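The values are calculated or read from the model by the stated rules, or taken from the named source; none is laboratory data. What you see is a predicted model; the values in this text were computed from it and never measured. For neighbour counting, all protein chains shown are included, and Cβ atoms are generated from backbone atoms with ideal geometry for every residue, glycine included. Accessible surface is based on the protein model in full, side chains and every heavy atom, while ligands, DNA and RNA are left aside. Shrake-Rupley method; radii C 1.70, N 1.55, O 1.52, S 1.80 Å.
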Amino acid sequence: MNQWRDNSSRLPAWLPTALHTRPLECLRAAVGVLLGVSASVWLCAWLFDPAVAQMLLGPLGASAVLLFAVSSGALSQPWSILGSYPLAALTGAVAVQLLGAGVASAVLAMAACLLTMFLLRCLHPPAAALSLCVVLAPGLSAQGFAVVLPVLLIAFSLLACALLFNNLTGVRYPRLSPPVGPSHLTADPPAGQRVGIASEDLDHALDEFGAFIDVTREDLATLVRRSEQHALRRQMGELTAARIMSRDLRWVTPETTLDQALQILQYHHLKVLPVLERDVLVGVVTLADLIELIRSRAEGGLLGYLGRREVQVSRAMTQPAVSVAADTHVVELIPLLSREGLHGLPVLEGGKLVGIVSQTDLIAALHRQLLGWPKEREREDLAQAS
C-alpha cells in the first residue's frame, strides 16, 4: 500500500507541465518551420541532389524546431548550427574513412561530435543525428569529405530563413544582450543591477549547477529580475501612479521662453516640466535640457547669449514624452525613473495630463511602503497561523 502511494506521488513528475506559450506563438513557429525546411530542402535539391536533401531532412527538421519554436535557447543561436553542422559532417566522414560505414563507427562519430561541440561551445542536438546520417546513409557516406558542402548549404539556408522570419514576425533573433541604461560614463553598473542578484551571482550558480542549461545567461537574468518585480508587486499591493503623483502641476507651452521655464523650475524646485499645447501633452523639458541649450547659445558669443531670451522651449523639449497611465503600478515606474534616467513621468488619464510622478515621489512612496510592509506581513502570518 505504501509502495503504491509512493509511486502515485511520483506520477506528476512524468506528466507534461503546463506551457506558458501563447497559441499564436505556436502557430507562428509552425509556419516558420514549414517555410524554413521547405526552402532549405528545395535549395539543396536544386544545387546538389534530391536524394541528398531527403537524407538530411531529419536533422534539418529537428534544427528547425529549435530555431523557430525555441529561438531564445542557447542551443538555437547561430553559432550552434553553423559550428555544429560542418563539425558533424567532418566527424562522420572521418569515421567512414577510418572504420567504414557501420553502426559502431556511427556511434563513435556521434560521441566525437558531441564532445567537440562541447569544446567549441556549439552544442546542437540535431548535429549528433546528422553525424549518424553521414555514416549510415549510403548516399552521404559515399561522398567522403565533400558531404560538408550540402551540409553547410542547408545550415546557412535554414539560419537565413530563421533570421528573416523570426525578426519579421516580432521575435528578435539572435538573442542580443539587453541594452545597458545610462552609465554616466563610469564603471558603475546600472542602478537596478547594484542590488539583488548580480551577474556574478548568476555565474556562480551556473558553475555550481554544472549541467548544461538550454537558456542563455541574459534570458536567465531577465527571468530572475521579472520574478523579483512580480514578487515586489504582490507585496506592495495596488499602489499605482495615481496614488503617489503630484497633482498641483506647473507646466509650459512650446512658445514659453527659456528664461520663463528656468524661473518656474527654480522657484518651485523642479527638474522637469510638462509641455502642453491645447491641453495635450506634446513633450517634456528638463533642467538639464535648458542648461545644455543655454550653454550652446553662450558658445555662440554675446549675441547668442543675449538671444536666449527669445529662444522657445520647443527648441529644448523632448518629444514625444514618455508617459504612464494613472493605473500603472509603482513597480513599473521604477525602471523608468532609475535605469532610463528620467526625472519625471507625466501621468495621463483619458488622454489628459492629471499629474506627474517624480523620482522624489517614488522614493517617498517606497519609503512608506517599507515602513508598513513588515507589519502587514506580520498580520498575514498571524492570520495564516490562526
- Does ALA64 satisfy the criteria of being within 20 Å of ASN167 (Cα to Cα), open to solvent by less than 30 Å² (accessible area, probe 1.4 Å) and not acidic (Asp, Glu)? yes
- Residues of segment 230-254 that turn out to be touching an Asp or Glu at 6+ places or on another chain (Cβ under 9 Å) and closer than 20 Å to VAL311 by Cβ, as a count: 2
- Condition test on SER157, is it surrounded by 15 or more Cβ atoms within 10 Å (Cβ to Cβ), at pLDDT 95 or above and of a type in the set (Ser, Thr, Tyr)? yes
- Task: Check VAL41 against each of (1) closer than 15 Å to LEU163 by Cα; (2) surrounded by 15 or more Cβ atoms within 10 Å (Cβ to Cβ); (3) more than 22 Å from the chain's Cα centre (by Cα) and name the one condition it does not meet.
- Result: (1)
- Item | Condition met for ARG233 (modelled with pLDDT of 85 or more, farther than 30 Å from SER76 by Cα and in contact with a strand residue (DSSP E or B) (Cβ under 8 Å, 6 or more places away or on another chain)) | no
- Message: The conditions are (1) modelled with pLDDT under 85; (2) surrounded by fewer than 20 Cβ atoms within 10 Å (Cβ to Cβ); (3) not in a helix (DSSP H, G or I), and ILE334 fails exactly one of them. Which is it?
- Response: (3)
- Query: Yes or no: VAL107 assigned to a helix (DSSP H, G or I), farther than 23 Å from ASP49 by Cβ and open to solvent by 30 Å² or more (accessible area, probe 1.4 Å)?
  - Reply: yes
- Query: What single numbered condition from (1) over 21 Å from GLY351 (Cβ atoms); (2) part of a helix (DSSP H, G or I); (3) modelled with pLDDT of 70 or more fails to hold for ARG243?
  - Reply: (1)
- Query: Name the pairs whose Cβ atoms lie under 9 Å apart, with the first residue in segment 67-86 and within 10 Å of ARG175 (Cα to Cα), the second acidic (Asp, Glu) and in a helix (DSSP H, G or I), and 6 or more positions between them or separate chains?
  - Reply: SER72/ASP219; GLY73/ASP219; ALA74/ASP219
- Item | Residue under evaluation ALA142, criteria (1) touching a helix residue (DSSP H, G or I) at 6+ places or on another chain (Cβ under 7 Å); (2) farther than 19 Å from LEU43 by Cβ, criterion not met | (1)
